[in-house]
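Data first, discussion second: the structure below is written as structure tokens.
Taken together, the values in this text are just the output of simple stated rules run on the coordinates, not laboratory data. Note that the coordinates shown come from a computational prediction; the quantities given were computed from them, not determined experimentally. Please note: Cβ atoms are built from the backbone with ideal geometry, for glycine as well, and neighbour counts cover all protein chains shown.
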Amino acid sequence: MCGIVGYIGKRDAQDVLLSGLRRLEYRGYDSAGIVTIDGSNQATLLRANGKVAELGKLVSTNQNKDSVGIGHTRWATHGEPSEINAHPHRAGDIYVVHNGIIENYKELKAELKDHTFVSGTDTEVLAALINSFYGVDTSLCDAVSKALQLVVGTYGIAVVSTRQPDEVVVARAGSPLIIGVGKDETLIASDASALIGHTSQAIYLNDGEMAICRRDGVELQDLNSQPISAQVETIEVDMQAIQKQGYDHFLLKEISEQPQTLRSTLNGRVIVEDKRIQLGGLNLTVEQLKDIEHVTIIGCGTAYYAGLLASYYLEQLVDNLTVEVVIASEFRYRSFYMPKNSVALVVSQSGETADTLACLREVKRRGVTTLGIINAVGSTIAREVDGGVYVHAGPEISVASTKAFTSQVAALTMFGVQVAQAKGVSVQRTAQYVEELALLPDEIEKVITTHQKEMAEVAKKYASYDHALFLGRDTLFPVALEGALKLKEISYIQAEGYATGELKHGPIALLDDRFFEVVLLMEGWLFDKSISGLSEINARGGHVLAITNSAKEIDAETVVRVDTKLDILAPIALNVLQQLFAYYIAVARGNDVDQPRNLAKSVTVE
Ligand code: AGP
């Protein structure tokens, strides 16, 4: 998703802006641009279609010593990816970069007769609207606030003017903006990772707030120009966390660091000796936990699948608890009903996903208690839920979510045990979950160490296929869905996850030599039923990769067998093999593994 950077200070703005945009590349984009303003109020606007590296080439042949400017990486929403649609957009003396969507841009555009539009973007409309209020006696900040009063939609914006080159005006409604407070300099970014190395002090703008950023400080106000006191927080992310540290890709780094990130997720929360879980931050009393009768788990993509897997565990742990798992973008607009004593668990790695945020706000509007299962500290969703659990998996840079999924499942399972404890469920019934949670980091480490090379080899066998079917039963069904998503989003192989039992109800008609099938099987009561599904495929000339924790004989083209102490949580271990499988196939196909085409790391538009 789009990225915003801004700078005003003593240093070379072009360098600061470019390095900031490089930090934001992982979020996914298709064009980039910066504008800087010199001491004689002249602007240098540079924009390029494609990667930040292309913009860097432009800058190298248009270098200057300007010390104020803004920059942007664009993920096209209105208007195709092109230089002319790239931000910043100009209107008169002002330049604007914008994340979000101006929903009433057509109506606004129709009123802006004095501006000659050159792009197909809603952002240029916003620039023209601000400029229409920017009379000679009007400050830039006032022009921005007057314009934003007319806007319907979401935005995070940064605005500069050649007429007032000693300030950068920013504003936020629905798309994150962070202000980095430095010594005689101020930075702006849509993501904390762009501020690392410059400052650890940040102001997280809230919706409806704007600020005038100057070299000597920041002036916060609301859209009606009423002053707001600035709350400066410390950014917790460090430089090492956002670097590849010797790995070829962030994705392999993030798959490989799951033992450590799981330890961070579980640290202080799993009390093995007492066979107990203790989660701080829920902001719920034991009585309130005990009274919960219905849980709605909300998420998108991988976060949704993490919720789906955890829902089986919540049902297993607690009787008389109804659990539903919903796709945020669907649930938000349904005429849904949540019974009394409901709790909504809002799952999101970035904490900025617009669909999930919109759903959270609708659920809150109905008076339902909301708990976040979030990775990004200080993110919008994390700031708007009533309580929750940070999964502490560290920055997840690769667009494909891996370590966050694993930590989300662990955190949700811990929540389930905590509710069971509050409801008086016997220790005998919860103990195995606590023990296996404690085992998880070491068991995942063993899986990676033992099978990484094997999965790299297995991937070569299947990298040339164009279709895949992932199959799993019970707790392996959500894992099949997640495995299919991982493969499709980084390898571009058309992959579909299905419940094994559903194969005979339609999908089996698809199978021919264009397909390979991943069949997930777990030791236990559904193993034989899963073997039946596998046999149905074999009988039709399937190309089956069986992934299992069972030692039993399996007739399949390829079998990867995991030896693990995990039983209930074994699906998490099998999923790690799927992560490695997808990674090596994407590498074999020469794809941009960390920034797959058309995708963004956090989708901040609905
Ligand atoms: C997962 O690999 C995808 N990148 C995507 O489905 C992602 O899980 C989804 O956009 C939700 O993101 P969030 O967890 O940041 O809300």
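Show me 395-406, 309-320, 352-363 ranked by packing, highest mean number of other Cβ atoms within 10 Å first.
The densest-packed peptide leads the list: 395-406, 352-363, 309-320.
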Legend entry - Neighbour cut-off at most 14 other Cβ (10 Å), DSSP loop, trypsin sites (Lys or Arg not before Pro), segment 19-89: K65
Legend entry - Sparse-neighbourhood loop sites, GluC sites (Glu not before Pro) in segment 507-577 - DSSP loop, at most 13 other Cβ within 10 angstrom: E553
Legend entry - Table column - 3J(HN,Hα) (Hz), segment 6-22, Karplus curve with 6.51, -1.76, 1.60, x for Gly and Pro: x, 8, 8, x, 10, 8, 6, 4, 4, 5, 4, 5, 4, 5, x, 5, 5
Inset, instruction - For every other residue with a beta carbon closer than 13 angstrom to the beta carbon of V237, add +1 if it is Lys or Arg and -1 if Asp or Glu, then tell me the sum. - result: -4
Legend entry - Using θ = phi - 60° and Karplus 6.51 cos²θ - 1.76 cosθ + 1.60, couplings along segment 250-264 (whole Hz; Gly, Pro as x): 4, 4, 5, 4, 6, 5, 5, 8, 4, x, 5, 5, 5, 4, 5
Legend entry - Modelled FRET efficiency - R0 60 Å, R163 with S535, Cβ distances, 0.05 increments: 0.20
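State whether segment 450-566 is rounded, prolate or oblate according to the following rule on the C-alpha gyration tensor (a ≥ b ≥ c being the square roots of its eigenvalues): a/c under 1.5 gives rounded; otherwise a/b larger than b/c gives prolate, and the remaining case gives oblate.
Values: a/c = 1.41, a/b = 1.08, b/c = 1.31.
Taking the square roots of the gyration eigenvalues as a ≥ b ≥ c, segment 450-566 is rounded.
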Inset, instruction - Lys and Arg at +1, Asp and Glu at -1: add these up for the other residues within a Cβ distance under 12 Å of Y333 and post the number. - result: -2
Legend entry - Equivalent ellipsoid semi-axes - Cα gyration tensor, segment 527-606, angstrom: 30, 18, 13
Inset, instruction - From the C-alpha gyration tensor of segment 564-606, pull out the three semi-axes of the equivalent ellipsoid (sqrt of 5λ each), sorted largest to smallest, in whole Å. - result: 27, 17, 5
Legend entry - 0 to 90° range, to nearest 10: angle between helix 301-317 axis and the chain longest Cα axis: 40
Inset, instruction - Quick one: which residues, 5 or more positions from V5 or on another chain, have an amide H under 5 Å from its amide H? H modelled 1.01 Å from N in the peptide plane, none for Pro or chain starts. - result: G71, H72
Legend entry - Value of relative contact order over segment 384-458, rounded to a whole percent, pairs C-alpha under 8 Å and six or more apart: 19
Legend entry - Length-normalised contact order for segment 448-606 - Cα pairs under 8 Å, 6+ apart - percent: 28
Inset, instruction - Starting from the Cα-Cα distance between N283 and Q42, subtract it from 0.36 nm times their residue separation and give me the gain in nm to one decimal. - result: 81.5 nm
Inset, instruction - List every residue whose amide H lies under 5 Å from the amide H of E103, counting only residues 5 or more places away in sequence or on a different chain, with H placed 1.01 Å from N in the peptide plane. - result: V152, G153, T154
Legend entry - Pairwise centroid distance, computed over Cα atoms, of segment 260-292 with segment 421-438, Å: 11
Legend entry - Inter-part distance where segment 495-525 and segment 11-51 are each reduced to a Cα centre, Å: 47
Legend entry - For segment 262-317: rounded, prolate or oblate by the Cα gyration tensor [a/c cutoff 1.5]: oblate
Legend entry - Nonlocal amide H pairs with V68, under 5 Å, H built at 1.01 Å: A13, I37
Legend entry - Tilt relative to the chain, helix 427-462 - C-alpha long axis, 0 to 90 degrees, to 10: 80
Legend entry - Relative contact order %, the chain, counting alpha carbon pairs below 8 Å whose residues are six or more apart: 12
Inset, instruction - Whole number please: convex hull volume per residue, Cα atoms of the chain, in Å³. - result: 158
Legend entry - Exposure proxy ranking, count of Cβ atoms within 10 Å, fewest first, for L223, L481: L223, L481
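Please order T61, T500 by the number of other Cβ within 10 Å, starting at the fewest.
Ascending Cβ contact count within 10 Å gives the list T61, T500.
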Inset, instruction - State the Cα centre-to-centre distance between segment 552-606 and segment 78-139 in whole Å. - result: 42
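Under the classification rounded if a/c is under 1.5, otherwise prolate if a/b is larger than b/c and oblate if not, where does segment 367-447 fall, given a ≥ b ≥ c as square roots of the Cα gyration tensor eigenvalues?
Taking the square roots of the gyration eigenvalues as a ≥ b ≥ c, segment 367-447 is oblate.
Could you put R11, R365 in order, starting from the residue whose Cβ has the fewest other Cβ atoms within 10 Å? Provide the component values of the computation, followed by the final result.
Working: R11 15, R365 8.
Listed from fewest to most nearby Cβ atoms, that is R365, R11.
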Inset, instruction - Provide the per-residue ³J(HN,Hα) series for segment 67-73, in order, calculated from phi with Karplus coefficients 6.51, -1.76, 1.60 and θ = phi - 60°, each as a whole number of Hz, with x at glycine and proline positions. - result: 10, 9, x, 9, x, 7, 10
Legend entry - Theoretical ellipticity at 222 nm over the chain - DSSP helices of four or more residues, -39500 (n - 2.57) apiece, nearest 500: -11000 deg cm²/dmol
Legend entry - Among beta bridges that DSSP assigns inside the chain, antiparallel share in %, nearest 5: 60
Inset, instruction - Quote the charge dipole size of the chain about the Cα centre in Debye, to the nearest 20; the model charges only the Cβ of Lys and Arg (+1) and of Asp and Glu (-1). - result: 140
